[in-house]
Structures are given as structure tokens and as C-alpha cells.
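This report concerns only the one structure given below.
The values are calculated or read from the model by the stated rules, or taken from the named source; none is laboratory data. The model shown is predicted, which means the values in this text are computed figures rather than measured ones. Here Cβ is always computed from backbone atoms with ideal geometry, including for glycine, and neighbour counts include all displayed protein chains.
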Ligand SMILES: [Zn+2]
């Protein structure tokens, strides 16, 4: 007997429901701070089917999550007087907003998959590398933040969310009242968009000099902040080489600028599941990030205990979960793989 799309959907829903039951019971599901003033959005087959929801209390929100168990679950970064109003920041009465970065890595040259949306250890490693660049080369040295002022969250797919949560209440108050323009300026600094070679600041100087090997030139660049004048004196070939090194250093981060800028942007609820992969949206402590393996540690352990007989009807890229490699020839797969295949729209059948 062929499994219908509805049967499959029911099965997937059952596992999401089970997950949320555990997440609420064991309190790992994020309850957005000051829940009354936050907007909630959710989706099943699309990322966001619906938004502009709000709840009066923690209990009301958690009961709703248990009841709906969505495949995608979001909260607004903003705090608003009227979170369920439809419209922009003004209609919603925005009065405060969390500061968060979204690192979203694309398929790399060294990736082993053909499908753009697939995952492998290379793109997942790249995401992690970018988290370290953002934290160790920007947020800590240039902005005086410490590891304890940051919250790192695996997005459940090919990226990470980095929240700035200063322990110092005054600093937190200040940055969470930044205007859209101030947030824009902040992310543009990190992306090197307003970097001027006629006056290079100390942060960018430090980052770029690390990538330059020519010792004589290095000494000159170190002494001056007007790099334009120094570069003008170089031979054309050398100048082009240096300019391309600078560009490369500037372009190491793939940040979704909208997540920083947009007033009413939604971001995934920590402790929920990502509907495309079935992986957890999971907080990772800075000190465990190096050894965090999303294809192992991003998966809800219960989803690797139960197996189904399947027939995968298209040639998919291989998928590694933990120590196991699954291919289109696999006949028996755990729930984690079922959720991933379903989320990726793969044509497969569940056999009795
Ligand atoms: Zn890859």
C-alpha cells in the first residue's frame, strides 16, 4: 500500500507533537521574555503560514504550542504594544528590540552534494567558522563584549543565530533601544561596508593586517591609517593583490542583514524544531561550539531510536546522521531521516 501525503503528514505531526510535549515539560522551549509584548509566527509546509499572534501569558503560549506543534515556530525580536496588529513597526507600537545576527551559509565549492539545500559537514563547518569570526574578531575585541554577553543558537539548518544579551542592564537597555538606522550602521561596520581606506580604524586594521604577509608593506600599513596613499605608491599588480586581500577579509561573513535591520523581523524560537530538517534550534555554549556536530548533536535523540522501512523514490544526495550514512538505497531509516526527507520534499514511501 502506498502511503498518501496525508498519512505521512500525520506521522510527521505526531513526532513534532511528541517533541514539543518533551520540550515544554522539560522547559527547554524558549518562552520569549515579556511574552505579552511579543509577536508569534508559525508554519507547517511554508516557513511562515501565519503571524501576528500574541499571548497574554506564558501558560497560554505554551498551551498553544502544545496544541499546534508547528514545524516552524518564530518570535519577534521586537517588543511591541500591539503585537497582533497587522502592519509595520508603527502600527504594532514597537518600543524595544533584541539584537541578533543570523549567519546563513550557502553551498560551498567543496560541498559534496549537488542539491543547494542539502547539508554536509563542509557547509556546517563553515557556519561554525563564521560564528567564531563574528565573536572573536568583532564582537569581543571591537565592542568590548564577553562570551557571557552572547547567546549562540544553531538555527536547525545551515546557520547560527547570535544574540547580544549584555549582562550589564544599562548596556542592554541602550542597544535594545537602537533605531533601525543604528542597527543598520552596526551591521554595515561588521560587513566592512563603510570601511574607508583613507582612514582605517583599529579594528579593521588588525583584521586585515593579519592576512598580509609582505613584511615591509605590513610595517608601513601598521604605522598609518591612510592606506590609500600607501597603496597608490605600489605597483599596479601588487596594489591589486592587496586590494583583493582586503576584499576577502571583508567578505568572510554571510550575514542576513534583514535580521539585524527589519523592525518586525521574526526569528526561530530556541528549543523548537526546524521544519526543513527536523533538527533542533539549539543553544550552544561558546566553549562547546568547537565540538558541536549539528548532524549528531542537533538531532533530538529520541528521533534516532525508532526506525521505519522506506522506499526512497528519487536519487538524493547522501545524508549523514551521527555515524550512519543514508542514501537513496537505504531501506530502514530512523525518524530523524524521515523528518529530513519530508522537510526537503523528497519523494519517498513508508512501508508497513
Ligand atoms: Zn555542504
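In the stretch 313-337, which residue that is in contact with a helix residue (DSSP H, G or I) (Cβ under 7 Å, 6 or more places away or on another chain) and not in a loop (DSSP other than H, G, I, E, B) is nearest to residue 5 (Cα to Cα)? Give the steps one after another, and end with the answer.
In the first step, residues of the stretch 313-337 are kept if they are in contact with a helix residue (DSSP H, G or I) (Cβ under 7 Å, 6 or more places away or on another chain); the result is 319-322, 326, 334-336.
Those still in the list that are not in a loop (DSSP other than H, G, I, E, B) too: 319-321, 326, 334-336.
Values: 319: 22, 320: 25, 321: 24, 326: 22, 334: 19, 335: 16, 336: 18 Å.
If we take residues in the stretch 313-337 being in contact with a helix residue (DSSP H, G or I) (Cβ under 7 Å, 6 or more places away or on another chain) and not in a loop (DSSP other than H, G, I, E, B), then 335 is nearest to residue 5 (Cα to Cα).
Restricting attention to the stretch 58-72, which residues are in contact with a helix residue (DSSP H, G or I) (Cβ under 7 Å, 6 or more places away or on another chain) and within 18 Å of residue 33 (Cβ to Cβ)?
58, 61, 62, 65
Hey, any hits in the stretch 58-73 for a residue that's surrounded by 16 or more Cβ atoms within 10 Å (Cβ to Cβ) and within 30 Å of residue 190 (Cα to Cα)?
Yes, the stretch 58-73 contains a residue that is surrounded by 16 or more Cβ atoms within 10 Å (Cβ to Cβ) and within 30 Å of residue 190 (Cα to Cα).
Among the listed residues 275, 298, 271, identify the single one that is modelled with pLDDT of 95 or more, buried (at least 21 other Cβ atoms within 10 Å of the Cβ) and under 18 Å from residue 10 (Cβ atoms).
On the way: 298 fails: under 18 Å from residue 10 (Cβ atoms); 271 fails: under 18 Å from residue 10 (Cβ atoms).
The conditions single out 275.
Being surrounded by 15 or more Cβ atoms within 10 Å (Cβ to Cβ) and either in contact with a strand residue (DSSP E or B) (Cβ under 7 Å, 6 or more places away or on another chain) or more than 26 Å from residue 165 (Cα to Cα) (or both) is the filter here; which residues of the stretch 74-86 pass it?
74, 75, 76, 77, 78, 79, 80, 83, 85
Residues are listed down the side, and each one gets a yes or a no for (1) in a loop (DSSP other than H, G, I, E, B); (2) more than 23 Å from the chain's Cα centre (by Cα); (3) surrounded by fewer than 16 Cβ atoms within 10 Å (Cβ to Cβ); (4) in the same structural domain as residue 269 (by TED's automatic domain parsing):
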{"residue": "9", "(1), (2), (3), (4)": "no, yes, yes, yes"}
{"residue": "14", "(1), (2), (3), (4)": "no, yes, yes, yes"}
{"residue": "17", "(1), (2), (3), (4)": "no, yes, yes, yes"}
{"residue": "21", "(1), (2), (3), (4)": "no, yes, yes, yes"}
{"residue": "31", "(1), (2), (3), (4)": "yes, no, no, yes"}
{"residue": "45", "(1), (2), (3), (4)": "yes, no, yes, yes"}
{"residue": "48", "(1), (2), (3), (4)": "yes, no, yes, yes"}
{"residue": "52", "(1), (2), (3), (4)": "no, no, no, yes"}
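Do we have residue 214 as farther than 30 Å from residue 338 by Cβ and at pLDDT below 95 here?
yes
Condition check: out of contact with any strand residue (DSSP E or B) (no Cβ under 9 Å at 6 or more places or on another chain), farther than 30 Å from residue 75 by Cβ and assigned to a helix (DSSP H, G or I). Does residue 218 satisfy that?
It is true that residue 218 is out of contact with any strand residue (DSSP E or B) (no Cβ under 9 Å at 6 or more places or on another chain), farther than 30 Å from residue 75 by Cβ and assigned to a helix (DSSP H, G or I).
How many residues does the stretch 338-352 contain that are within 23 Å of the chain's Cα centre (by Cα), in contact (Cβ under 8 Å) with a residue 40 or more places away in the chain and not in a loop (DSSP other than H, G, I, E, B)?
Step one: filter the stretch 338-352 for residues within 23 Å of the chain's Cα centre (by Cα), giving 338-345.
Still in the running and in contact (Cβ under 8 Å) with a residue 40 or more places away in the chain: 338-340, 342-344.
Still in the running and not in a loop (DSSP other than H, G, I, E, B): 338-340, 342-343.
Number of matching residues: 5.
Do any helices (runs of 4 or more DSSP H) entirely within the stretch 62-178 hold 3 or more residues that are more than 16 Å from the ligand (Cβ to nearest atom), at pLDDT 95 or above and over 30 Å from residue 328 (Cα atoms), and if so, which? Explain how you work it out, then say what you get.
Working: elements: 89-92, 121-132, 140-143, 169-175.
It comes to 89-92, 140-143, 169-175.
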